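Every number here is computed from the coordinates shown, using simple stated rules; none is lab data. Values in this document were obtained by computation on a predicted structure and should not be read as measured data. Backbone-built Cβ (ideal geometry, glycine too); neighbour counts: all protein chains shown.
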Ligand code: F0G
């Protein structure tokens, strides 16, 4: 196969800092071993997140200049509304400053004590916003998602049989909606199949339960369907996306991912009564209904980004280049979640650092080592993020201990990725020397963002 090249030229560059190891040791200690506490200027390759880190295109920057900054009825809002109606197919479009603002608004409207929100796997902010209303966030991932080495095409699916049991046990009245996150970020960035979306839809329709999609990475999910699901090879990513959204009543999107912008989000839905309530709350805390806490230029860049992300040369490059990193690590024996997802490679820290017990945060230990060794910043998705301390002070560990190497969109070239491969292989060869970590403090909500840690003496 020929090399699949980045389908863009670079017009504007930012320098990258190369630090020596003693400097990184000092910086990591000062950051108290939390990746979120490291200054970006002290990072060589930043794979913390693919969120808000995209490089915008010349057309998006042109849109920034075109942005209409009117308080009400901005031309840029109407362009965004047209674009979203066209791609998503929903009537009401409500801009927000980012994904978690959608979550806060939606769950304030439909959540509350006694309510249950099932999903394939809720992302951390989604779960936190559901729980903030005292509703229960229930993860029902397909059992395949727990087998990190299993090669299966759609490990992001929802477990429909369990969803059916949950509905019959608790009753549809307690379930205001079912949320399908595409791709399934917290479960290894794995895609959800069209068949699964159809099955979820059919079951929910039978019980009168609305279905919503968390569309942060909808275009990547659509492209996986094109590549992997029988019958879709000749369907465009845009038409696949339209079919996905046809099996739901609405969507919320962090535009910081597949809308290729640095800030933004939106809700899109058909239910006018829900939309009215969302808009009232939006005006209260975010901004008027035609800007939702964003500038007109942000709306313009989002509209343009939503068009660009469905370009199939882009999507092919995106999926192939992420797999390039993951497949090379896998071939060299590094345990990674298989197959490789759309936006990130997930290292399986449970197997990578089998000698570090889950209570000592093996994922975090691996993040620290990648930074110390090569200035690579990654993020733990394991017990630090999803575990908690129970009443008796014991650490309740997460099912999976993963380290996510998230790839910003259109930012790094193949040689950057080759550097990441070389560094990760070196860390893997010396893995026996890596020790665990302990919490110095234990913040009650979303602790991974702010927690302080220290190395455990070995
Ligand atoms: N939903 C999913 C699936 C996400 O991955 C995220 C954010 C959100 C919602 C919240 O959106 O950040 O715009 O408020 N994920 C980022 C990440 C932070 O690194 O995966 P937001």
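Volume per residue, Å³, of the convex hull around the alpha-carbon atoms of region 272-345? Before the final figure, lay out each step's value.
Working: hull volume 11.8 nm³, N = 74.
Enclosed volume per residue, from the Cα hull, is 159 Å³.
Distances over 22 Å make up what percent of all Cα-Cα pairs in region 115-194? If you can, show how the numbers build up before the last one.
Working: 735 of 3160 pairs.
Looking at region 115-194, the distances longer than 22 Å represent 23 percent of pairs.
Compute the Rg/Rh shape ratio of region 307-413: radius of gyration over Kirkwood radius, all on alpha-carbon atoms. Could you put the intermediate results ahead of the total?
Details: Rg = 15.7 Å, Rh = 15.0 Å.
Reported Rg/Rh, Kirkwood definition of Rh: 1.05.
Which Rg and Dmax, in Å, describe the Cα atoms of the chain?
Reported Rg and Dmax, both Å: 21.4, 62.
In whole Å, what are the extents of region 51-117 along the principal axes defined by its C-alpha atoms, from largest to smallest?
Sorted from largest, the Cα extents of region 51-117 read 48, 28, 25 Å.
Sort 426, 307 so that the residue with the fewest other Cβ atoms within 10 Å of its own Cβ comes first and the one with the most comes last. Provide the component values of the computation, followed by the final result.
Working: 426 13, 307 18.
With the sparsest Cβ surroundings first, the list reads 426, 307.
Please compute the alpha carbon radius of gyration of region 93-245, then divide it by the globular-protein estimate 2.2 N^0.38 Å. Two decimals is fine. Don't skip to the answer; put the middle values down first.
Details: Rg = 15.0 Å, N = 153, 2.2 N^0.38 = 14.9 Å.
Normalised Cα radius of gyration, region 93-245: 1.01.
How much FRET efficiency would the formula 1/(1 + (r/R0)^6) give for residue 12 and residue 132, where r is the Cβ-Cβ distance and R0 is 35 Å, rounded to 0.05?
Working: r = 39 Å, r/R0 = 1.12.
According to the calculation, E is roughly 0.35.
With just the Cα atoms of region 232-314, tell me how far they stretch along each of the three principal axes, in Å, largest first.
Dimensions of region 232-314 along the principal axes of its Cα atoms: 45, 28, 14 Å.
Starting from the Cα-Cα distance between residue 246 and residue 69, subtract it from 0.36 nm times their residue separation and give me the gain in nm to one decimal. Spell out each step's value before the answer.
Numbers: separation 177, 0.36 × 177 = 63.72 nm, distance 3.25 nm.
Contour length minus Cα-Cα distance gives 60.5 nm.
To one decimal place, what orientation-averaged projected area in nm² is obtained for the convex hull of the Cα set of region 225-363? Please list the in-between numbers first.
On the way: hull surface 48.7 nm².
Hull-based average projected area comes out at 12.2 nm².
To the nearest Å, what is the center-to-center distance of region 369-430 and region 259-288, using C-alpha atoms only?
33 Å
Given region 167-295 reduced to its alpha-carbon atoms as identical point scatterers, what log10 I(q)/I(0) does the Debye formula return at q = 0.09, 0.12, 0.22 Å⁻¹?
Values, matching the q order: -0.30, -0.52, -1.31.
When you take every Cα atom in region 352-410, what is the radius of gyration, and what is Dmax, the widest Cα pair distance, in Å?
According to the Cα coordinates of region 352-410, Rg and Dmax are 12.8, 47 Å.
In region 1-148, if every C-alpha pair distance is counted and binned at 5 Å from zero, what percent goes to each bin?
2, 6, 9, 11, 12, 14, 16, 15, 10, 5, 1, 0
Per q in 0.11, 0.14, 0.22 1/Å, what log10 I(q)/I(0) does a Debye calculation on the alpha-carbon atoms of region 150-239 return?
For region 150-239 at q = 0.11, 0.14, 0.22 Å⁻¹, log10 I(q)/I(0) is -0.32, -0.51, -1.08.
Go ahead and collect, in residue order, the members of region 414-458 whose backbone nitrogen is under 13 Å from a label point 7 Å along the Cα-Cβ direction of residue 32.
Correct set: 438-444, 447-455.
Please report the relative contact order for the chain, taking Cα pairs under 8 Å with a sequence separation of at least 6, and give it as a percent rounded to a whole number.
Answer for the chain is 23 percent.
When you have a sec, figure out the Kirkwood radius of region 20-71 from all distinct Cα pair distances and drop it here in Å to one decimal? Don't skip to the answer; put the middle values down first.
Details: mean 1/r = 0.0711 Å⁻¹.
Evaluated on region 20-71, it is 14.1 Å.
May I ask you to work out the translational diffusion coefficient for region 371-458 at 25 °C, viscosity 0.890 mPa s, via Stokes-Einstein with Rh from the Kirkwood sum over Cα pairs, reported in whole µm²/s? Before the final figure, lay out each step's value.
Values: Rh = 15.2 Å.
Once the numbers are plugged in, D ends up at 162 µm²/s.
Semi-axes of the equivalent ellipsoid for region 64-180, please: Cα gyration tensor eigenvalues, times 5, square-rooted, ordered largest first, whole Å.
On the way: eigenvalues 211, 76, 35 Å².
For region 64-180, the semi-axes come out at 32, 20, 13 Å.
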